[in-house]
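Colleague: This structure is in structure tokens; I'll ask about it shortly.
The values are calculated or read from the model by the stated rules, or taken from the named source; none is laboratory data. Predicted model, so just to flag it, every value in this text is computed and none were measured. FYI the Cβ positions are ideal-geometry reconstructions off the backbone, even for glycines, and counts take in every protein chain you see.
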Amino acid sequence: MDPADFGTDAAGHLVPIKGYDDSLGRNYEHFAFVPDPLPSEPRLRMATYKRVAEASLALGRLDSAAEKLPNPQLLVRPALHKEAQSTSALEGTHATLFDVLEAEFLDKTRRSSQVSEVLNYVDAATQGLELIQKRPITTTAIADLQGVLVKGTRGGSWDAGIIRRSPVYLAGAKAGMEHSRFVPVPEGPLLIEGMNAWEAWINAKDDVPLLVKAALGHYQFETLHPFTDGNGRMGRLVVTLQLVDGKALRYPILNISTYFEPRKDRYKDLLLACSQSGQFDDWVQFFCDAVEAQANAEIDRINALLDFRTQLLEELKTANAKGVVLDIVDDLIAYPVITASQAASMHQVTFPPANNAIQRLVDMGYLAEVTGRQYGRVFLCRRVMEIVDSVT
């Protein structure tokens, strides 16, 4: 991080730091960036507020589209798994959506470390969504969720679930702090004060549009970098929680990380540029581009899922199908990867009728056995997976 890049217009100030780098075995002296508190009335261009309005309308259309489904809640499970996959990939943890969904049928000892990390996000998101039904988004709550996120992973060290008590720097670990891309605020009082101000700002009852709150709140969270691991994933989870808590969405079905992942360099460059220039317009517009694109993509997915469900139900009606096979079809949106045992448990029937229903869907070409096992077989609805896993 070059201090010369942070001039008088920067969105904060530099403070000198020094210490000992355990990984390199040497002392260092450098600077860290302390962001200013976010403004109560952000100064943004009219063009930026126009993009905010357009993205907000797209969110409204998405929320309405979800209600077309007989049970919109079914969208939540695949959406959370897809967001978990994409937000983890942004941090270098890669797993296919099928692997993530299939892993829920596997003993935890058989899951890969990558899949376990992705599923931790699902757990953290689920707990976060339950939490905001009872209380505001707070630093303490986010710290608890970070503990869930990194549990059993390489980031699950002694300081999991607490605000960091050591310095961090972004990129350039092999070269040292002086050659890093960015050095966030040092641990201690400045970080605590920054997080307290962030919490107060995102929860303030004011006239700042929700998408501006989400965009600037995300910038500030990533700039403060409050944890030793998982900051990117937690920051993007907070965006989802803000949109649901702010009533922009009734269901957490917007996969914003799917937009950021293939554009991760620009995503990171724009966040850094906010700190260097003190200007937030480019970042807010990019954030709104992501929201609008993903809202429109999700609407297309919902329509495709509705078309598929209608087609399948009509064919089953022609074949005089009834009972559990229809129940399984209704749940394929949420469970495109399924076992007979799971179907039996979900629909409160014994194994034989559940297995027969799945076999009927296999015979019709709507499910396929994908594990090659005689027992504990896993079945996949390829068409639903294609729709859910489509990338913008």
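Colleague: Yes or no: Asp282 more than 30 Å from Ala343 (Cα to Cα), of a type outside the set (Val, Ile, Thr) and out of contact with any Lys or Arg (no Cβ under 8 Å at 6 or more places or on another chain)?
Modeller: Values: more than 30 Å from Ala343 (Cα to Cα): yes; of a type outside the set (Val, Ile, Thr): yes; out of contact with any Lys or Arg (no Cβ under 8 Å at 6 or more places or on another chain): yes.
In short, yes.
Colleague: I've got another one for you. Filter segment 155-196 for residues that are among the aliphatic types (A, V, I, L, M), farther than 10 Å from Met1 by Cβ and part of a loop (DSSP other than H, G, I, E, B) and give the result.
Modeller: First pass over segment 155-196, keeping only residues among the aliphatic types (A, V, I, L, M): 160, 162-163, 168, 170-171, 173, 175, 177, 183, 185, 190-192, 195.
Imposing the further condition that a residue be farther than 10 Å from Met1 by Cβ reduces the set to 160, 162-163, 168, 173, 175, 185, 190-192, 195.
Ala160, Ile162, Ile163, Val168, Ala173, Ala175, Val185, listed by residue number.
Colleague: Another one. Just checking, does segment 247-270 include any residue being touching a strand residue (DSSP E or B) at 6+ places or on another chain (Cβ under 9 Å) and either outside any helix (DSSP H, G or I) or in the same structural domain as Ser64 (by TED's automatic domain parsing) (or both)? Break it down stepwise before answering.
Modeller: Looking only at segment 247-270, we keep the residues that are touching a strand residue (DSSP E or B) at 6+ places or on another chain (Cβ under 9 Å), and these are 268.
Filter once more, keeping what is either outside any helix (DSSP H, G or I) or in the same structural domain as Ser64 (by TED's automatic domain parsing) (or both): 268.
Scanning segment 247-270, I find at least one residue that is touching a strand residue (DSSP E or B) at 6+ places or on another chain (Cβ under 9 Å) and either outside any helix (DSSP H, G or I) or in the same structural domain as Ser64 (by TED's automatic domain parsing) (or both), so the answer is yes.
Colleague: Here's another thing I want to ask about it. Of the residues Val118, Val150, only one is without any contact (Cβ under 8 Å) to a residue 40 or more places away in the chain and either surrounded by 15 or more Cβ atoms within 10 Å (Cβ to Cβ) or over 30 Å from Val15 (Cβ atoms) (or both); which? I'd like the intermediate steps shown before the answer.
Modeller: Working: Val150 fails: without any contact (Cβ under 8 Å) to a residue 40 or more places away in the chain.
Only one candidate qualifies: Val118.
Colleague: Related question: Output the residues belonging to segment 162-184 that are in contact with a Pro (Cβ under 7 Å, 6 or more places away or on another chain) and among the hydrophobic types (A, V, I, L, M, F, W, C). Give the derivation first.
Modeller: Of the residues in segment 162-184, the ones in contact with a Pro (Cβ under 7 Å, 6 or more places away or on another chain) are 163-164, 167-168.
Within segment 162-184, Ile163, Val168 qualify.
Colleague: Those residues that are touching a helix residue (DSSP H, G or I) at 6+ places or on another chain (Cβ under 8 Å) and in a helix (DSSP H, G or I), I need them from segment 233-246; list them, please.
Modeller: Within segment 233-246, the subset touching a helix residue (DSSP H, G or I) at 6+ places or on another chain (Cβ under 8 Å) is 233-244, 246.
Residues satisfying the conditions are Arg233, Met234, Gly235, Arg236, Leu237, Val238, Val239, Thr240, Leu241, Gln242, Leu243, Val244.
Colleague: Suppose we keep only residues that are of a type outside the set (Ser, Thr, Tyr) and not in a helix (DSSP H, G or I) within segment 80-114. Which one would you say is surrounded by the fewest Cβ atoms within 10 Å (Cβ to Cβ)?
Modeller: Going residue by residue through segment 80-114, those that are of a type outside the set (Ser, Thr, Tyr) are 80-85, 89-92, 94-95, 97-108, 110-111, 114.
Of the ones still in play, those that are also not in a helix (DSSP H, G or I) are 91-92, 94-95, 106-107, 111.
Numbers: Glu91: 18, Gly92: 9, His94: 13, Ala95: 21, Leu106: 14, Asp107: 7, Arg111: 20.
This residue is Asp107.
Colleague: Surrounded by fewer than 22 Cβ atoms within 10 Å (Cβ to Cβ), under 22 Å from Thr126 (Cα atoms) and in the same structural domain as Leu254 (by TED's automatic domain parsing), is that true of Leu62?
Modeller: On the way: surrounded by fewer than 22 Cβ atoms within 10 Å (Cβ to Cβ): no; under 22 Å from Thr126 (Cα atoms): yes; in the same structural domain as Leu254 (by TED's automatic domain parsing): yes.
For Leu62, the condition - surrounded by fewer than 22 Cβ atoms within 10 Å (Cβ to Cβ), under 22 Å from Thr126 (Cα atoms) and in the same structural domain as Leu254 (by TED's automatic domain parsing) - is not met.
Colleague: So, in segment 292-313, of the ones that are among the hydrophobic types (A, V, I, L, M, F, W, C) and under 22 Å from Ala340 (Cβ atoms), which residue ends up surrounded by the most Cβ atoms within 10 Å (Cβ to Cβ)? Walk me through it before giving the result.
Modeller: First, pick out the residues of segment 292-313 that are among the hydrophobic types (A, V, I, L, M, F, W, C): 293, 295, 297, 299, 302, 304-306, 308, 312-313.
Checking which are under 22 Å from Ala340 (Cβ atoms) leaves us with 308, 312-313.
Values: Phe308: 19, Leu312: 21, Leu313: 14.
Residue satisfying both the conditions and the ranking: Leu312.
Colleague: Just checking, which of Ala32, Ala4, Ala55, Ala10 is part of a helix (DSSP H, G or I) and either touching a residue at least 24 places away in the same chain (Cβ under 8 Å) or touching a Pro at 6+ places or on another chain (Cβ under 6 Å) (or both)? Talk me through it step by step, then tell me what you get.
Modeller: Numbers: Ala32 fails: part of a helix (DSSP H, G or I); Ala4 fails: either touching a residue at least 24 places away in the same chain (Cβ under 8 Å) or touching a Pro at 6+ places or on another chain (Cβ under 6 Å) (or both); Ala10 fails: part of a helix (DSSP H, G or I).
Going through Ala32, Ala4, Ala55, Ala10 in turn, the sole match is Ala55.
Colleague: Look through segment 337-349, keep the residues that are outside any loop (DSSP other than H, G, I, E, B) and touching a residue at least 40 places away in the same chain (Cβ under 8 Å), and return whichever of them is surrounded by the fewest Cβ atoms within 10 Å (Cβ to Cβ).
Modeller: Start the filter on segment 337-349 by keeping residues that are outside any loop (DSSP other than H, G, I, E, B), which leaves 337-338, 340-346.
Adding the requirement that they be touching a residue at least 40 places away in the same chain (Cβ under 8 Å) leaves 337-338, 342.
Working: Val337: 25, Ile338: 23, Gln342: 19.
In this case the residue turns out to be Gln342.
Colleague: Right, Ala214: surrounded by fewer than 21 Cβ atoms within 10 Å (Cβ to Cβ) and assigned to a helix (DSSP H, G or I) or not? I'd like the intermediate steps shown before the answer.
Modeller: Values: surrounded by fewer than 21 Cβ atoms within 10 Å (Cβ to Cβ): no; assigned to a helix (DSSP H, G or I): yes.
So Ala214 fails the test.
Rundown of residues vs (1) under 19 Å from Arg77 (Cβ atoms); (2) in contact with a helix residue (DSSP H, G or I) (Cβ under 6 Å, 6 or more places away or on another chain); (3) of a type in the set (A, V, I, L, M, F, W, C); (4) surrounded by fewer than 18 Cβ atoms within 10 Å (Cβ to Cβ), yes/no style:
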position: Glu315; (1), (2), (3), (4): no, no, no, yes
position: Ala321; (1), (2), (3), (4): no, no, yes, no
position: Ile328; (1), (2), (3), (4): yes, yes, yes, no
position: Tyr335; (1), (2), (3), (4): yes, no, no, no
position: Val370; (1), (2), (3), (4): yes, no, yes, yes
position: Val384; (1), (2), (3), (4): yes, no, yes, no
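Colleague: While we're looking at this one, here's another question. For segment 121-142, check the following and say yes or no: at least one residue is in contact with a helix residue (DSSP H, G or I) (Cβ under 7 Å, 6 or more places away or on another chain), closer than 25 Å to Thr371 by Cβ and buried (at least 21 other Cβ atoms within 10 Å of the Cβ).
Modeller: yes
Colleague: Of the residues Glu298, Glu386, only one is farther than 30 Å from Arg181 by Cα, free of Cβ contacts under 8 Å to residues at least 40 places away in the same chain and assigned to a helix (DSSP H, G or I); which?
Modeller: Values: Glu298 fails: free of Cβ contacts under 8 Å to residues at least 40 places away in the same chain.
Only one candidate qualifies: Glu386.
Colleague: Can you tell me how many residues within segment 35-59 are surrounded by fewer than 20 Cβ atoms within 10 Å (Cβ to Cβ), of a type in the set (A, V, I, L, M, F, W, C) and touching a Gly at 6+ places or on another chain (Cβ under 8 Å)?
Modeller: 0
Colleague: Looking at the structure I just gave you, is Leu14 under 15 Å from the mean Cα position of the chain (by Cα), surrounded by 14 or more Cβ atoms within 10 Å (Cβ to Cβ) and closer than 30 Å to Asp206 by Cα? Working first, answer last.
Modeller: Values: under 15 Å from the mean Cα position of the chain (by Cα): no; surrounded by 14 or more Cβ atoms within 10 Å (Cβ to Cβ): yes; closer than 30 Å to Asp206 by Cα: yes.
Here the answer is no, as Leu14 does not meet what is asked.
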